[in-house]
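What follows is calculated from the coordinates using simple rules that are stated; it is not laboratory data. What you are looking at is a predicted structure, and each value in this text was computed from that prediction instead of being measured. Positions of Cβ are backbone-derived with ideal geometry, glycine not excepted, and every protein chain shown enters the neighbour counts.
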Amino acid sequence: MLDPEKFIQEAVEEIRRQVGDRTAIIALSGGVDSSVAAVLAHRALGEHLVAVFVDHGFMRKGEPEEVRRIFGEELGMNLRVVDAGERFLEALRGVTDPEEKRRIIGRVFIEVFEEVAAEVRATHLVQGTIAPDWIESGGGIKSHHNVAGLPSGMVLELVEPLRDLYKDEVRVVARALGLPESISERMPFPGPGLAVRIIGEVTPEKLEVVREANAIVEEEIRRAGLKPWQAFAVLLDTKTVGVKGDIREYGHTVAVRVVESLDAMTATAMEVPWEVLRRIAKRLTREIEGVTRVLYDITDKPPATIEFE
Ligand code: XMP
């Protein structure tokens with residue numbers, strides 16, 4: 001059993017020892033892993049930790065505002081918010097292949113991040129890597145962004161205070177650090193964000209649909225008192241025929257995925273009560289213009305991955 005107080009004390013000391021009076025940088029997403037890593041590093045380094053929130057425009061509803069409030073205002077971190085939405089959309093124009101989308105997002109992310117790293121003369125890179133990240137990356141299943149050297153040749157020493165922890169242990173540490181529930185109990189969210197929850201090309205219109213859809217799914221799952229590993233909406237690239245009012249409408253298809261898991265290596269589709277699924281379907285089709293059909297994904301992992309792309 002992990003003793004969170006002891007872990008925190010040792011992690012803070014270790015970060016201080018590793019970085020000394022130099023400057024570290026962290027890409028803070030608001031997810032539980034990077035948040036915990038950032039708070040530990042902030043305790044160790046104070047102003048010498050620069051937390052960079054790259055807003056790629058693919059965040060969930062309200063997420064950028066929340067990160068600014070919690071980490072910038074309440075915790076007083078040295079936080080840089082980079083609004084890079086246009087840059088990412090431009091880079092993704094016309095791209096439909098899932099791995100290509102991930103590669104481009106990873107590349108632009110690093111470019112943006114590197115600009116800040118150079119500006120603040122960072123020597124160390126703090127990452128919220130946890131055990132399953134490097135186990136899965138080692139297996140080569142999907143590209144995660146585990147950078148040590150940046151494309152310009154800038155080399156940053158990696159600081160990975162969470163690398164031996166599993167997700168449930170990170171949450172224990174998050175609670176012990178006094179982070180709000182919205183962070184400590186936050187569902188995992190992929191680095192490339194909503195961009196990999198839109199099948200095919202990413203456009204501002206589709207982003208709007210999937211962002212609203214995702215907020216509805218998360219809200220109804222929470223309201224029903226369910227605590228899955230992840231619950232989210234995906235916008236498929238298949239249009240289907242529907243009827244709204246008395247009018248035929250050729251509209252969007254939204255897939256709903258709710259999974260239970262311990263570490264994301266395997267997952268099972270959750271048996272969400274029928275009335276909850278119906279409520280979700282009703283709200284998605286009523287509240288979001290252009291959505292005419294809702295599907296529930298009943299596939300486990302394996303063979304399906306949790307995300308669709
Ligand atoms: P898959 O889809 O591979 O996802 O079954 C496993 C877990 O990882 C999350 N995920 C990511 N997390 N960067 C991340 O930080 C990524 O590129 C990424 N892709 C998937 C996914 O949400 C799930 O919890």
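When the Gaussian network model of the chain links Cα atoms closer than 10 Å, the mean-square fluctuations of GLU271, GLU212, GLU185 top out at GLU271. For the chain, averaging the sequence separation of C-alpha pairs within contact (under 8 Å, six or more residues apart) and dividing by the residue count gives a relative contact order of 17 percent. Think of each Lys and Arg Cβ as +1 and each Asp and Glu Cβ as -1; about the Cα centre, that makes the dipole of the chain roughly 620 debye.
Would you mind calculating the relative contact order of the stretch 187-309 from Cα pairs under 8 angstrom and at least 6 residues apart, reporting the percent as a whole number?
26 percent
Using 0.36 nm per residue and subtracting the Cα-Cα separation, the extra length available between GLU73 and ARG103 on full extension is 7.5 nm. Taking a straight line from the alpha carbon of LYS282, these aspartates and glutamates sit under 19 Å away, with near neighbours fewer than eight places off in the same chain left out: GLU208, GLU212, GLU218, GLU219, GLU220, ASP246, GLU249, GLU271, ASP297.
Each residue of the stretch 251-260 was assigned a 3J(HN,Hα) from its phi angle through the Karplus expression (A = 6.51, B = -1.76, C = 1.60, θ = phi - 60°), giving x, 6, 10, 10, 9, 10, 10, 10, 10, 10 Hz with x at Gly and Pro.
With 28 Å as the limit on Cα-Cα distance, the pairs of LYS61/LYS244; LYS101/LYS244; LYS6/LYS301; LYS61/LYS239; LYS206/LYS301; LYS167/LYS206 that go past it are LYS101/LYS244; LYS6/LYS301; LYS167/LYS206. Counting 0.36 nm for each residue step from GLU219 to GLU10 and taking away their Cα separation leaves a gain of 71.5 nm. As a proxy for reagent exposure, ASP133, ASP97, ASP263 were ordered by neighbouring Cβ count within 10 angstrom, fewest first; the result is ASP97, ASP263, ASP133. Between the beta carbons of ARG163 and THR305, assuming R0 = 22 Å, the FRET efficiency works out to 0.45 to the nearest 0.05. Applying the criteria of a DSSP loop state and at most 10 other Cβ atoms within 10 Å to the trypsin sites (Lys or Arg not before Pro) of the stretch 250-297 yields no site. Since only ALA11, VAL241, ILE288 are under comparison, the one whose Cα sits farthest along the positive direction of the charge dipole of the chain, derived from C-beta charges on Lys, Arg, Asp and Glu, is VAL241. Between the C-alpha center of the stretch 153-203 and that of the stretch 100-128 there is a gap of 16 Å.
Working from Cα pairs under 8 Å separated by at least six residues, relative contact order for the stretch 21-156 is 30 percent.
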